[in-house]
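Inspection log for the structure reproduced underneath, given as structure tokens.
The values are calculated or read from the model by the stated rules, or taken from the named source; none is laboratory data. Being a predicted model, the structure only gives us computed values, none of them experimental. We work out accessible area using only protein heavy atoms, side chains counted, and drop any ligands, DNA or RNA first. Shrake-Rupley method; radii C 1.70, N 1.55, O 1.52, S 1.80 Å.
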Amino acid sequence: MRKLILLAACLLAPLTMAQAAGLQSMPGRLYDIGDIRLHMTCMGEGGPTVILEAGLGGFSLEWLAIQRRLADSVQTCAYDRAGYGWSDTGPSPRTTSQINGEFERLLNAARLPPPYILVGHSFGGYNAQYFAKANPDQVAGIILIDSSHPDQAERIPEVPVREARSGRPHIVTFFNNPEIFDKYPEDVRDRARQVITSRRTVIAQQRELANFTYSGSEVNFLGDNFPDVPLVVITRGQQEWPDNPLGVSREQQWREMQEELAELSPRGRHIYAEHSGHMIHLDQPELVADIIRDMVRRCDRPATVSC
């Protein structure tokens, strides 16, 4: 608990000079999508293009270790949603439908033709599911990494919202901890800390969190229009909730929802990352990279994809 309080205090503090410097050292480029600019870093060549999207509070540098592993075989693009990383702050409300519209404009601005392999972690999985249902003909494959489930807020209502005792706005404390920075590649560790602990990051996180339940309903509203494409659901193998009856029950509910996500496509598979907590792509980047590489290998290139 003390670590969480310290992290919350750090996140809500004013932007320091070091943090400002971290925000200035942009690894990718900004794309003008009309009303705002979004940041994206692409590496490698070959298709279909793999799009990487982080969860609540996360940003593009989370994917760097995976991008480096795949640079010799496929193009990967990690982007920052509005308000995160080096992207501009976006208009309200910060719902999945709003985010998806901005994402579609980003793909056009970056001239990245479909089809895509979508990789979404946690809340990023909401957005991957939404895009796939809204644009089924543009998707070659989907990988959901400990992804949010559209019914998550109702079935596990305490997650992901917890309120600081100070009465300040809601912050996500369940998965955030100071040790997370040690999981980044060493050469970007300090920069990741500067970006994640900036005030603009926590504000972006809070704005998405305020619409978390509604975003889930938006995914459900699109119905069963999920494309018949390869789908891999990667679920954490290590328990995140406390080791007590309530925690065990919640963990079981989480696993049941992960099983349901794997059933979205008749070509779905469910894999457990036995050595990972929620941040699977940081705990086991080699596993995620191998799964992406395997999906890419089973796809023809470039435009007519059959996986």
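Note on region 213-307: semi-axes of the ellipsoid equivalent to its C-alpha gyration tensor, largest first and rounded to whole Å, are 27, 20, 10. With every protein chain in place and a 1.4 angstrom probe, the accessible-area ranking of Tyr184, Tyr130, largest first, reads Tyr130, Tyr184.
For region 25-69, the calculated P(r), taken from all Cα-Cα distances in 10 Å bins from zero up to the bin holding the longest distance, is 22, 52, 24, 1 percent. Karplus-based coupling profile of region 32-48, in residue order and whole Hz: 7, 10, x, 8, 9, 10, 10, 8, 8, 10, 10, 9, x, 9, x, x, x, with θ = phi - 60° in 6.51 cos²θ - 1.76 cosθ + 1.60 and x standing for Gly or Pro. The accessible area of Cys42, taken with all protein chains in place and a 1.4 Å probe, comes to roughly 50 Å². Relative to one another, the C-alpha centroids of region 36-80 and region 179-199 are positioned 17 Å apart. When the square roots of the Cα gyration tensor eigenvalues are ordered a ≥ b ≥ c, the ratio a/c for region 15-139 is 1.5 or more and a/b does not exceed b/c, which makes its shape oblate.
Accessible area per residue (1.4 Å probe, heavy atoms of protein chains only) ranks Glu256, Glu104 as Glu256, Glu104, with the largest value leading.
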